[in-house]
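The values are calculated or read from the model by the stated rules, or taken from the named source; none is laboratory data. These figures come from a predicted structure and were not determined experimentally. In this analysis, Cβ positions are derived from the backbone assuming ideal geometry, glycine residues included, and neighbour counts consider all displayed protein chains. When the accessible area is computed, the model is the full protein with side chains, heavy atoms only, and any ligands, DNA or RNA have been set aside. Shrake-Rupley method; radii C 1.70, N 1.55, O 1.52, S 1.80 Å.
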Amino acid sequence: MKFFKVTNVVCGLSVCFFLNFACTDKQKEEKEKFIAENIDFAVRQTKLMLEEVGEPNGKNYPRTMSNDGKLRVTNMYDWTPGFFPGSLWYLYELTGDTLWKNNAEKWTHSLEPLQTFTGHHDLGFMMYCSYGNALKLEPRPEYKDIIIKSAESLSTRYDDRVKSIKSWNYRKNWNDTTEWFYPVIVDNMMNLEMLFAASKLSGDKKFYDIAVIHANSTLKNHIRDDYSSYHVVDYDTITGAVKDQATCQGYSDNSTWSRGQAWLIYGYTMMYRETKDQQYLETAVKLAEYYLANLPEDMIPLWDFNVGQEGYEAVGKSYAVEFPGKDLKDVSAAAITCSAFFELGQYAKDKGYIEKAVQILYTLASPEYRAQLGTNADFILMHSVGSIPHRSEIDKPLVYADYYFLEALTRYKNMNIK
Ligand code: GLY
């Protein structure tokens with residue numbers, strides 16, 4: 001019942017946007033009320049988070065909640081430290097309150113040492129969600145150099161024989177037999193936005209070229225004919241040939257991990273924005289159609305689209321018998337896709353993606369998925385999944401779910417419904 005109520009409100013709002021009809025005053029009022037209420041909640045919840053976490057010290061970047069309900073943090077070398085500063089920047093953009101700017105700057109500046117980090121591929125998440133938003137909202141001359149330096153560091157992981165940026169260093173697959181020497185994961189598409197920015201800031205086309213070549217390899221080797229996707233592709237380091245197509249965080253090597261699909265939708269939408277190459281738009285649309293065709297009624301995906309299905313064998317510690325994840329959803333995948341759909345809908349105008357984005361946003365903001373004040377270790381959204389095969393962060397809040405929720409809210413607010 002709750003869902004249908006939400007959907008009705010949303011249909012009225014988004015259809016008037018989608019068809020470019022004039023919204024009634026009531027519809028505008030409804031949108032403004034929704035946005036104001038969500039900003040108010042995010043502000044109050046994040047103030048509690050700031051109190052809890054204290055000053056940035058290189059080791060206290062909010063990530064998730066422990067089983068006993070406490071905030072869990074990481075050090076800056078994990079893949080997620082950029083999201084908390086990024087969320088603070090979105091709160092500044094949403095409110096204009098300098099409290100958020102001051103905190104966003106403080107948390108962003110704490111990441112400066114990462115500009116020379118080359119230990120894994122996540123520099124885009126780390127440095128562009130933080131410094132990229134800083135550059136957009138409150139530019140300082142040094143931000144430009146830091147982004148260029150970070151792009152240099154990321155580019156050290158690119159090899160022209162493989163035509164991809166290496167995501168992780170050597171490791172083994174779940175079977176403990178297959179060795180991965182050059183593993184690339186779909187998530188890597190999200191690091192490319194920083195390369196485009198660095199290319200513009202430096203005038204060096206090298207970064208642009210690496211982004212395009214990497215995206216083309218991902219399109220060829222990670223995306224199946226039906227536009228579902230492999231999480232991991234491992235390459236031969238000498239010939240560049242594909243050696244393995246598998247998963248690390250999904251249900252099965254041949255399944256589709258929903259957050260991976262979300263990273264791809266977002267990534268190819270961004271690729272189209274930056275290059276205007278039609279094949280990227282077509283790819284984003286086909287990935288999105290696969291995603292939408294595999295959603296439950298409330299539009300929040302299961303953590304993997306093939307979980308428990310015949311023909312898919314569970315990897316890692318996610319064995320089917322006492323498997324905890326059959327019905328678990330991943331709110332982070334929904335938040336990423338929601339934000340991506342606000343952008344994709346502007347390029348693929350006849351597909352209804354903005355209408356879908358609004359529906360997802362309202363669902364995420366409903367009591368089903370949005371926490372109560374002071375609960376959920378002060379994160380905004382509940383019910384995400386980090387990695388079921390690792391038995392890690394299962395049905396928990398995740399800092400990146402909140403980041404993309406706030407980005408989606410900002411995109412919705414900035415979108416002129418008329
Ligand atoms: N990029 C890691 C993840 O999505 O879990």
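Can you tell me which residues in region 174-207 are open to solvent by 70 Å² or more (accessible area, probe 1.4 Å) and of a type in the set (Phe, Trp, Tyr)?
Within region 174-207, Trp174, Phe181 meet the criteria.
Mind listing whichever residues of region 129-173 are over 15 Å from Leu201 (Cα atoms), crowded, with 21+ Cβ neighbours inside 10 Å and either out of contact with any strand residue (DSSP E or B) (no Cβ under 6 Å at 6 or more places or on another chain) or of a type in the set (Gly, Ala, Ser) (or both)?
Scanning region 129-173 gives Cys129, Ser130, Leu154, Ser164, Lys166, Ser167.
Scan region 292-301 for residues that are in a helix (DSSP H, G or I) and touching a helix residue (DSSP H, G or I) at 6+ places or on another chain (Cβ under 8 Å) and report the count. Give the steps one after another, and end with the answer.
Narrowing region 292-301 to residues in a helix (DSSP H, G or I): 292-293.
Subsequent filtering for residues that are touching a helix residue (DSSP H, G or I) at 6+ places or on another chain (Cβ under 8 Å) retains 292.
Of the residues in that region, 1 qualify.
Kindly indicate which of Phe405, Phe342 is under 22 Å from Asp187 (Cβ atoms), more than 16 Å from the ligand (Cβ to nearest atom) and either in contact with a His (Cβ under 6 Å, 6 or more places away or on another chain) or not acidic (Asp, Glu) (or both).
Phe342
Going through region 375-395 one residue at a time, which ones are within 13 Å of the ligand (Cβ to nearest atom), out of contact with any Cys (no Cβ under 8 Å at 6 or more places or on another chain) and in contact (Cβ under 8 Å) with a residue 24 or more places away in the chain?
Ser384, Val385, Gly386, Ile388, His390, Glu393, Ile394
Among the residues of region 257-275, count how many are within 14 Å of the ligand (Cβ to nearest atom) and not aromatic (Phe, Trp, Tyr).
Number satisfying all stated conditions: 8.
Just one of Tyr312, Tyr272, Tyr291 is more than 21 Å from Ala246 (Cα to Cα) and of a type in the set (Phe, Trp, Tyr); which is it?
Working: Tyr312 fails: more than 21 Å from Ala246 (Cα to Cα); Tyr291 fails: more than 21 Å from Ala246 (Cα to Cα).
From the options Tyr312, Tyr272, Tyr291, the qualifying one is Tyr272.
Please list, ordered by residue number, the strands (runs of 3 or more DSSP E) wholly in region 177-291 having 1 or more residues that are hydroxyl-bearing (Ser, Thr, Tyr) and touching a Pro at 6+ places or on another chain (Cβ under 6 Å).
Those strands (runs of 3 or more DSSP E) do not exist here; none qualify.
Enumerate the pairs (first residue in region 68-94 and under 26 Å from Thr116 (Cα atoms) and free of Cβ contacts under 8 Å to residues at least 24 places away in the same chain; second residue anywhere and open to solvent by less than 40 Å² (accessible area, probe 1.4 Å) and among the small types (Gly, Ala, Ser)) with beta-carbon separation below 8 Å, excluding pairs fewer than 6 apart on the same chain, so at least 6 apart or on different chains.
Asn75/Gly58
Would you tally the residues in region 83-108 being surrounded by fewer than 19 Cβ atoms within 10 Å (Cβ to Cβ) and basic (Lys, Arg)?
Number satisfying all stated conditions: 1.
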